[in-house]
1. As a check on your grasp of the helix formula, calculate [θ] at 222 nm for the chain: sum -39500 (n - 2.57) over DSSP H runs of n ≥ 4, divide by the residue count, round to the nearest 500.
2. In the chain, if the dipole is taken from +1 on Lys/Arg beta carbons and -1 on Asp/Glu beta carbons about the Cα centre, which of L222, P195, A36 is farthest to the positive end?
3. Which one, L222, L183, L146, has the greatest fluctuation when you compute a Gaussian network model over the chain with C-alpha springs under 10 angstrom?
4. If you rank S148, S168, S244 by fewest surrounding Cβ atoms within 10 Å, what's the result?
5. With charges set only on the Cβ (+1 for Lys and Arg, -1 for Asp and Glu), what does the dipole of segment 8-253 come to about its Cα centre, in debye to the nearest 20?
6. Give the relative contact order (percent, whole number) for the chain; include only Cα pairs under 8 Å separated by 6+ residues.
7. For I198, I213, I143, what's the fewest-to-most ordering of other Cβ within 10 Å of each Cβ?
8. Specify the residue with the greatest mean-square fluctuation among G187, G170, G87, computed from a Gaussian network of the chain linking alpha-carbon atoms under 10 Å apart.
Amino acid sequence: MALDPGHDLTHRVALVTGAGSGIGRGIAQRLAAFGAQVVVADISEVGGDETVRRVESDGGAARFKRTDVTVKADAEAMVAAALEHFGRVDYLVNNAGLVTMTPFLDLPEEEWDLVMNVNLKGQFLCAQAFGRALVQAGHGGAIVNLGSVEGEVVAASGDHCQPHYNASKGGVKMLTKALAFELAPHGIRVNGVNPGTIDTRFAGDLHASPRAIEYTMGRSLLKRFGEPIDVARAVHFLLSDNASFVTGTMLAVDAGWLVQ
């Protein structure tokens with residue numbers, strides 16, 4: 001079967017934050033497999049280099065750029081590195097994120113700030129640097145922001161949830177809509193993905209907790225954990241020309257979590 005040309009990303013350049021592991025690594029590998037040249041942005045050099053190795057071993061093109069998404073200069077340097085090495089930028093995937101499990105009444109201000117800075121401020125800084133580069137280049141592109149089902153509903157773990165994580169991912173939803181509105185005149189589409197429970201290191205404690213597994217399976221209509229590739233396929237679609245009429249939406253990749 002011939003490749004759907006709408007999925008082809010050849011000659012496009014994608015920046016993926018948090019690409020040194022988990023969902024971000026899966027996204028980087030997926031985009032590279034369909035022809036994109038990928039900037040692997042992560043705070044971990046070890047993880048980022050491993051993602052580059054995996055992409056290149058599959059015949060793709062990638063370059064690592066150490067990036068702390070909470071630092072404006074790092075966000076700008078990430079975009080500059082892509083322009084210097086690959087000559088252009090087309091796509092941004094704002095994947096870098098952080099989750100902690102501290103109950104609200106025990107939640108330190110510093111922990112609130114850290115989660116909000118990584119999950120929300122980081123997406124703002126990277127999108128702004130990327131958007132300015134696209135406007136200057138004079139051609140369109142696309143952004144996909146990683147949200148969460150927990151930006152829509154509260155998922156309780158025992159007798160508490162993660163209010164700082166919920167707030168940050170709820171913010172991602174509205175940031176996505178606002179950017180879609182502001183960047184549309186420049187030919188830049190902005191969408192988001194809301195993953196459910198994906199089997200990564202963030203979900204590692206779920207496997208050790210029968211109660212957590214029971215809770216998660218009770219929310220899943222498909223009765224399984226997701227895999228990074230499940231999210232990567234959705235991101236690929238939203239970046240691709242097959243989604244050329246899609247902007248401002250949050251696509252749930254959650255096994256039906258939000259149905260209930």
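No value in this document is a laboratory result; all are computed from the given coordinates. Values in this document were obtained by computation on a predicted structure and should not be read as measured data. Cβ coordinates were reconstructed from backbone atoms using ideal geometry, including for glycine residues, and neighbour counts include every protein chain displayed.
1. For the chain, the value works out to -13000 deg cm²/dmol.
2. It is A36, whose Cα lies furthest towards the positive end.
3. Highest fluctuation among the options: L222.
4. S244, S168, S148
5. 660
6. 19
7. Least crowded to most crowded, the residues run I213, I198, I143.
8. Top of the fluctuation ranking is G87.
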